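Colleague: Sharing a structure, written as structure tokens. Questions coming.
The values are calculated or read from the model by the stated rules, or taken from the named source; none is laboratory data. Because the structure is a prediction, the values reported are computed rather than measured. Here the Cβ positions follow ideal geometry from the backbone for every residue, glycine too, while neighbour counts run over all protein chains shown. What goes into the accessible areas is simple: the full protein's heavy atoms, side chains included, and nothing from ligands, DNA or RNA. Shrake-Rupley method; radii C 1.70, N 1.55, O 1.52, S 1.80 Å.
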Amino acid sequence: MSSKQGHQINEEIRDKEVRLVSAEGEQLGIMSAKEALEKAEEANLDLVKISPNAVPPVCKLMDYGKFKFEQTKREKEAKKNQHVVEIKEVRMSPSIDINDFNVKLRNAQKFLAEGDRVKVTVRFRGREMAHTEIGKELLLKFAEQCADVAILDKEPKLDGRHMSIFLSAKVAKDSKK
């Protein structure tokens, strides 16, 4: 197979016989690669091997330059329309004040509205480790406050000195603009 292109074209096709498909998509039958190449030259088109693993391989008559151009155009369009979901993190401590909690909550809701996932983490320091249930209640309260825009992916889980949950948007927006 040609390294710079994904398909074998014209003289690169070395098979004895190929199944030929016209530019309009109709079957022209099985013939030698030489005959198929002559038909392509008559029609002023390229002979492109589109299915190399079939027996015999399937080749199509097409304008290869135009085909490659349209393929790259489609790929660019698909890339432009895709949205990469990021994981944003919100950190708190078990002794967080109500106003600080509300600020963190608003930030998390903004991230969720943009279609990102949110990891909410409570960090325990020193003797706070003896009261991990406070952190668990805090995380569940946080998830409950976000319930209208998000769903809880994972229950609160203690990992070392951190307890965390994951929230993801109920309906992801089309894309960031």
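Colleague: Give segment 25-68 a look and list any residue that's hydroxyl-bearing (S, T, Y) and farther than 13 Å from H7 by Cα, or say none.
Modeller: Listed by number, the list holds a single entry, S32.
Colleague: Looking at segment 122-151 only, could you name the residues that are in a loop (DSSP other than H, G, I, E, B), under 30 Å from H83 (Cβ atoms) and either open to solvent by 90 Å² or more (accessible area, probe 1.4 Å) or at pLDDT 90 or above (or both)?
Modeller: Of everything in segment 122-151, just one residue is in a loop (DSSP other than H, G, I, E, B), under 30 Å from H83 (Cβ atoms) and either open to solvent by 90 Å² or more (accessible area, probe 1.4 Å) or at pLDDT 90 or above (or both), namely D148.
Colleague: Follow-up. Would you confirm, using the coordinates I've provided, whether K119 is open to solvent by less than 90 Å² (accessible area, probe 1.4 Å), touching a residue at least 24 places away in the same chain (Cβ under 8 Å), basic (K, R) and part of a helix (DSSP H, G or I)?
Modeller: Here the answer is no, as K119 does not meet what is asked.
Colleague: Can you find a residue that is over 30 Å from P156 (Cα atoms) and part of a loop (DSSP other than H, G, I, E, B) anywhere in segment 75-93?
Modeller: For segment 75-93, residues over 30 Å from P156 (Cα atoms) and part of a loop (DSSP other than H, G, I, E, B): present.
Colleague: Restricting to segment 1-39, and then to whatever is at pLDDT 85 or above and polar (S, T, N, Q), can you tell me which residue is farthest from Y64 (Cα to Cα)?
Modeller: Top of the filtered list is S32.
Colleague: Condition first: farther than 16 Å from L140 by Cα, out of contact with any strand residue (DSSP E or B) (no Cβ under 8 Å at 6 or more places or on another chain) and open to solvent by less than 80 Å² (accessible area, probe 1.4 Å). Now tell me which residues in segment 102-113 satisfy that.
Modeller: V103
Colleague: Can you confirm whether segment 66-73 contains a residue that is farther than 30 Å from F166 by Cβ, among the hydroxyl-bearing types (S, T, Y) and open to solvent by 50 Å² or more (accessible area, probe 1.4 Å)?
Modeller: Checking segment 66-73: at least one residue is farther than 30 Å from F166 by Cβ, among the hydroxyl-bearing types (S, T, Y) and open to solvent by 50 Å² or more (accessible area, probe 1.4 Å).
Colleague: Let me ask you something else. Kindly indicate whether any position in segment 103-110 is under 30 Å from K154 (Cα atoms), over 33 Å from the mean Cα position of the chain (by Cα), part of a helix (DSSP H, G or I) and without any contact (Cβ under 8 Å) to a residue 40 or more places away in the chain.
Modeller: no
Colleague: I'd like to check something: does segment 73-89 contain any residue that is at pLDDT 90 or above and either aromatic (F, W, Y) or touching a helix residue (DSSP H, G or I) at 6+ places or on another chain (Cβ under 7 Å) (or both)?
Modeller: Within segment 73-89 (the criterion being at pLDDT 90 or above and either aromatic (F, W, Y) or touching a helix residue (DSSP H, G or I) at 6+ places or on another chain (Cβ under 7 Å) (or both)), the answer is no, since none of the residues qualifies.
Colleague: Looking only at segment 77-86, decide whether some residue is of a type in the set (A, V, I, L, M) and either under 30 Å from E38 (Cα atoms) or surrounded by 17 or more Cβ atoms within 10 Å (Cβ to Cβ) (or both).
Modeller: No, segment 77-86 contains no residue that is of a type in the set (A, V, I, L, M) and either under 30 Å from E38 (Cα atoms) or surrounded by 17 or more Cβ atoms within 10 Å (Cβ to Cβ) (or both).
Colleague: Now for a separate question. Please enumerate the residues belonging to segment 87-101 that are within 16 Å of Q145 (Cβ to Cβ) and open to solvent by 60 Å² or more (accessible area, probe 1.4 Å).
Modeller: D97, I98, N99, D100
Colleague: Which count do you get for residues in segment 40-54 that are farther than 21 Å from K68 by Cα and among the charged types (D, E, K, R)?
Modeller: Looking only at that region, the number is 1.
Colleague: Now, a different point. Any idea which of (1) touching a helix residue (DSSP H, G or I) at 6+ places or on another chain (Cβ under 7 Å); (2) under 30 Å from D46 (Cβ atoms) is the one P94 doesn't satisfy?
Modeller: (2)
Colleague: Shifting gears a bit: Tell me whether segment 24-35 contains one or more residues that are aliphatic (A, V, I, L, M) and open to solvent by 40 Å² or more (accessible area, probe 1.4 Å).
Modeller: Yes, segment 24-35 contains at least one residue that is aliphatic (A, V, I, L, M) and open to solvent by 40 Å² or more (accessible area, probe 1.4 Å).
Colleague: Can I ask one more? Can you tell me which residues in segment 52-65 are surrounded by 15 or more Cβ atoms within 10 Å (Cβ to Cβ) and more than 15 Å from L37 (Cα to Cα)?
Modeller: P56
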